[in-house]
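The values are calculated or read from the model by the stated rules, or taken from the named source; none is laboratory data. What you see is a predicted model, and the numbers here were worked out from it, not measured in a lab. Cβ atoms come from the backbone with ideal geometry, glycine included; neighbour counts cover every protein chain shown.
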C-alpha cells in the first residue's frame with residue numbers, strides 16, 4: 001500500500017487534522033470521548049505527516065536561498081579586470097600590457 005512507503009497513514013493524519021478543525025470551531029469537541037480516542041490513536045501518524053511536510057517546505061526554502069546566493073555571487077563577486085595596451089618597451093612587448101584588477105565592491 002502507498003501509505004506504508006510514506007511512514008504514516010494519511011487517513012489517520014487527516015483524521016487528526018479534522019479533529020483539530022473541530023476543536024478550533026468549538027472547544028467543547030475536546031471533551032468528547034470519541035474525539036479524544038481518535039486524537040490519541042492518530043497522533044503518531046499526524047506528527048510524522050506534519051514533520052515530513054515541514055521538512056519538504058524547509059528543503060524548498062533552502063534551495064531557494066542557495067539559488068539566490070549563487071545568483072548574487074555571480075553578479076557581485078566578479079573582479080573587474082582591465083587589460084591596458086602594451087607600450088613600446090621590450091618587457092611589455094614580450095609579456096603584454098599592464099593588467100589592472102579592481103574589486104567589485106569599490107565604485
Flag for residue 78 being on the phi < 0 side of the Ramachandran plot and not in a helix (DSSP H, G or I): yes
Evaluation of residue 63 against (1) assigned to a helix (DSSP H, G or I); (2) exposed (fewer than 12 other Cβ atoms within 10 Å of the Cβ); (3) modelled with pLDDT under 80 (one fails), failing number: (3)
Contacts under 8 angstrom Cβ, first residue in the range 17-34 being more than 18 Å from residue 46 (Cα to Cα), partner in a helix (DSSP H, G or I), 6 or more apart: 29/19; 29/22; 29/23; 29/35
Residue within the range 4-25 that is at pLDDT below 95, loosely packed, with under 10 Cβ neighbours inside 10 Å and under 25 Å from the mean Cα position of the chain (by Cα) present: yes
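This table checks each residue for (1) farther than 24 Å from residue 6 by Cβ; (2) at pLDDT below 95; (3) within 31 Å of the chain's Cα centre (by Cα); (4) in the same structural domain as residue 104 (by TED's automatic domain parsing).
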site: 29; (1), (2), (3), (4): yes, yes, no, no
site: 32; (1), (2), (3), (4): yes, yes, no, no
site: 41; (1), (2), (3), (4): no, no, no, no
site: 55; (1), (2), (3), (4): no, no, yes, no
site: 58; (1), (2), (3), (4): no, no, yes, no
site: 67; (1), (2), (3), (4): yes, yes, yes, no
site: 72; (1), (2), (3), (4): yes, yes, yes, no
site: 86; (1), (2), (3), (4): yes, yes, no, yes
